[in-house]
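Heads up, the thing below is written out as structure tokens.
Every number in this text was worked out from the coordinates using simple rules, so none of it is lab data. None of these values were measured; they are calculated from a predicted model. Quick reminder, even Gly has a Cβ in these numbers, built from the backbone with ideal geometry, and neighbours come from all protein chains shown.
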Amino acid sequence: MARSMITDRKATREEVEAHADELRGLAADSGFVSPRLRSDGALVVHDDGPGYRRVSQLARSASEKVGAYVHVITDDVPGASGDLKPL
């Protein structure tokens, strides 16, 4: 799924959790520490940088690992609160 799009099937929390070790490594390689997992399978990261390039790159890489679209958001948006747990 190298070319996954937002219209592709979104990964579930269970699918993301099954790849947690790999995704933590991808997040660290992208400069993100302590990624969190939302109840719907979205990854929540903190990004001090401008724009969303690193977030988009992480979403693309994570989607390739999981085999379904992995939604990645930053922790400064309203949807980033709620039922979060460390990845």
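Before moving on, here are some points about what is shown:
- For Lys65, neighbours were defined as the other residues whose beta-carbon sits under 13 Å from its Cβ, and their charges (Lys and Arg +1, Asp and Glu -1) total -4.
- Stretch gain in nm, segment Asp75-Ser34, where the contour uses 0.36 nm per residue and the Cα spacing is subtracted: 13.6 nm
- Across Gly67, Gly49, Gly31, mean-square fluctuation computed from a Gaussian network of the chain (C-alpha pairs under 10 Å connected) peaks at Gly49.
- Each Lys and Arg contributes +1 and each Asp and Glu -1, all at the Cβ; summed about the Cα centre of the chain, the dipole is approximately 200 debye.
- Given [x] -0.20; [y] -0.25; [z] -0.35, the label whose value is log10 I(q)/I(0) by the Debye sum over Cα atoms at q = 0.10 Å⁻¹ derived from this model: [x]
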